[in-house]
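Before any comments, here is the structure.
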Amino acid sequence: MTKKQKKSLQQILIALALVILLKLLLRVLPALPTPVELLLYLIPYFVVGKDVLRKAIKGIKNRQPFDECFLMAVATVGAFALGDYVEGCAVILFYQIGELFQSVAVGKSRQSISSLMDIRPDYANVEDEDGKLEQVDPDDVEVGTVIVVQPGERVPIDGVIVEGTSALNTAALTGESLPRDVQTGDEVISGCVNMTGLLKVRTTKEFGESTVSKILDLVENSSMKKARAENFITRFARVYTPAVCYGALALAFLPPIVLLMMGQPARFGDWIYRALTFLVISCPCALVISIPLSFFGGIGGASACGILVKGSTYLEELARTGIVVFDKTGTLTQGTFKVTGVHPADGITDEQLVEAAALAESWSKHPISLSIKAAYGKEIDTSRVTDVEELGGHGVTAKVDGKPVAAGNARLMERLGLSAPAVSETGTVVHVAIDGRYAGCLLIADVVKPHSAEAIRALKAAGVRKTVMLTGDAEPVAKAVSAQLGLDEYHAGLLPGDKVDQIETLIAAKKSKENLAFVGDGINDAPVLSRADVGIAMGALGSDAAIEAADVVLMDDDPAKIALAMRIARRTLRIVYENIVFALAVKFACLLLGAIGMASMWTAIFADVGVMVIAVLNATRALYTKDLVKKSQP
């Protein structure tokens, strides 16, 4: 509990004890004069209710009187005026109990989001001229500066490791408990905790543009974009509260006046009591508090799983998603080339083929060359390589240990007068010739992410009607990936503008009240992310433009998190509708009973505080996502 919550609890307990003590004493003692009894009951009333009275008076001064504090103040002061001192104290007492309960619940829901604030680094370590570490403000660190991250410290700014190996705890960013091993040359993002070795990192971004800053900005601004349900409740409360105030006023005076005109007793006291009961029942706390709390809990539960939702409106849109469209490279696939097949000719071993190709490609920085060198896996002795020549559109030739080696496409083999066999597998084929003889070929492809196929199945299980892939790759590659993952549809050979056109076509053909979500990671995906009903970006390695344009960011680039995000969104929306229906049904039923005189002030307390507590309890369910995580795990 916070200091404020503890103070509120103390006031409630003191007031409750005083009311019980007065009730017992007044049973034993002779009847006290009315002014004395009133003064005695005003003590516990002011102990617990002075804040409510102050807020009500402030609202009247600001010409915004119609809120729950005004309703409580009028109802309780009216009860005292009618001589119902115990009921007046009980109403304000239980109202404050409900407010305390709501405050604790909101605090609990905030924890999952506010815990992210712990990832904000307080300093960065920079070595001075004497080699001593100096703690500086991360905002003052320029791009290209080498910073030192010691074991137990958070990485303050995005960068590349220039020295050291370690394991990073990324749980605060991705929701994953397993540490990630890193070494020299690996990229690291701010907010991760260095667990073991000392790291030296060359910064690649300013602190304001680093991952941790963007996450904090997303979280801090998420509450500003409200869902339709939240906006409805806000508008409803603005109309509903003054309406019930005027209705209570009419209930207090119109029936007695009519009775007087008919020559019957007016019974002003009874009708004023009904009006006060009507006011307490009408308090819209359950709706005004529980609906935003439900969405806040959903955003908090998602952030704990490494899914950042930029506002409750996007959570609501995500819940109605029926079509999910994917970019291929970096989204469904790793986005990096890898040797997936080694096919040596007769008399050549796999090791000989890969070694010859890696040495021939040793000076090239092309992604295909890098994948071949990665497959070789050994340190390359460049002294063994001479006479390197890159042939545009063909490949590379070189001398390795004095023997001519060529690595490239079929056109290069034709140029050398060699016959290259056709390869039926999908991917980029690198043919290799050694000492004038055809030595075999390597198959290189963009590898599908481990969880992509399971992610598609999980989306289908979550109720997604159609899955589509858009890619700039050639038709055979797109067809193979689509078949491997079980996608419903794919479109290949697309430019960024073509992707927008395809999204427009899909949006035009979708069902009514059905949303389309696009998932991408590259800078060329930003226009499509903006055009889709819901844009989902891969946050770990995705471009800044894609993350800025997206509505939802997956911090660990795992496509399986999309189905989890949808399950969280749908549960949150279901909880919101449950609270709306339950609160309104009980409110209107009790208002009717109050108007016809069949509801006491205790009924009113249940209709206000009781309904609010039940609705808030239901709203906090949005925080708990363990069961949804299990359902969405591949």
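The values are calculated or read from the model by the stated rules, or taken from the named source; none is laboratory data. All figures in this text were calculated on a predicted structure; none of them were measured in a lab. Reconstructed Cβ throughout: ideal geometry from the backbone, glycine too, with neighbour counts over all protein chains shown. Ligands, DNA and RNA are excluded from the accessible area calculation, which covers all protein heavy atoms including side chains. Shrake-Rupley method; radii C 1.70, N 1.55, O 1.52, S 1.80 Å.
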Flag for residue 544 being of a type in the set (Asp, Glu) and at pLDDT 75 or above: no
Qualifying residue in the stretch 549-560 (condition: at pLDDT 80 or above, in contact with a Pro (Cβ under 6 Å, 6 or more places away or on another chain), at negative phi and assigned to a helix (DSSP H, G or I)): yes
Subset of the stretch 380-395 [open to solvent by 70 Å² or more (accessible area, probe 1.4 Å) and either in contact with a Gly (Cβ under 7 Å, 6 or more places away or on another chain) or at pLDDT 85 or above (or both)]: 381, 383, 387, 389
Pairs where the first residue, in the stretch 24-37, is free of Cβ contacts under 8 Å to residues at least 24 places away in the same chain and the second is surrounded by fewer than 10 Cβ atoms within 10 Å (Cβ to Cβ) and of a type in the set (D, E, K, R), C-beta under 6 Å, 6+ apart: none
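Residues checked against (1) open to solvent by 60 Å² or more (accessible area, probe 1.4 Å); (2) over 30 Å from residue 489 (Cβ atoms); (3) part of a loop (DSSP other than H, G, I, E, B):
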position: 342; (1), (2), (3): no, yes, no
position: 354; (1), (2), (3): no, yes, no
position: 359; (1), (2), (3): no, yes, no
position: 364; (1), (2), (3): no, yes, yes
position: 406; (1), (2), (3): no, yes, no
position: 424; (1), (2), (3): yes, no, yes
Boolean, residue 159 is under 24 Å from residue 538 (Cα atoms) and at pLDDT 90 or above: yes
Those residues of the stretch 488-514 which are among the small types (Gly, Ala, Ser), under 20 Å from residue 472 (Cα atoms) and part of a loop (DSSP other than H, G, I, E, B), in sequence order: 492, 493
Of all residues making up the stretch 449-477, the number that are modelled with pLDDT of 85 or more and either within 16 Å of residue 329 (Cβ to Cβ) or assigned to a helix (DSSP H, G or I) (or both): 14
Unique match (being over 30 Å from residue 276 (Cβ atoms), in a helix (DSSP H, G or I), small (Gly, Ala, Ser) and modelled with pLDDT of 80 or more) among 589, 583, 615, 569: 569
Output for the stretch 254-288, where each listed residue is buried (at least 24 other Cβ atoms within 10 Å of the Cβ) and β-branched (Val, Ile, Thr): 277, 280, 281
Test: residue in the stretch 319-333 that is basic (Lys, Arg) and open to solvent by less than 10 Å² (accessible area, probe 1.4 Å): yes
Cross-chain or 6+ apart pairs with Cβ under 7 Å, the stretch 598-611 first and under 19 Å from residue 290 (Cβ atoms), then open to solvent by less than 40 Å² (accessible area, probe 1.4 Å) and of a type in the set (Ser, Thr, Tyr): 604/277; 608/95; 609/95
Failed criterion for residue 68 (all others in (1) open to solvent by less than 50 Å² (accessible area, probe 1.4 Å); (2) at pLDDT below 90 hold): (1)
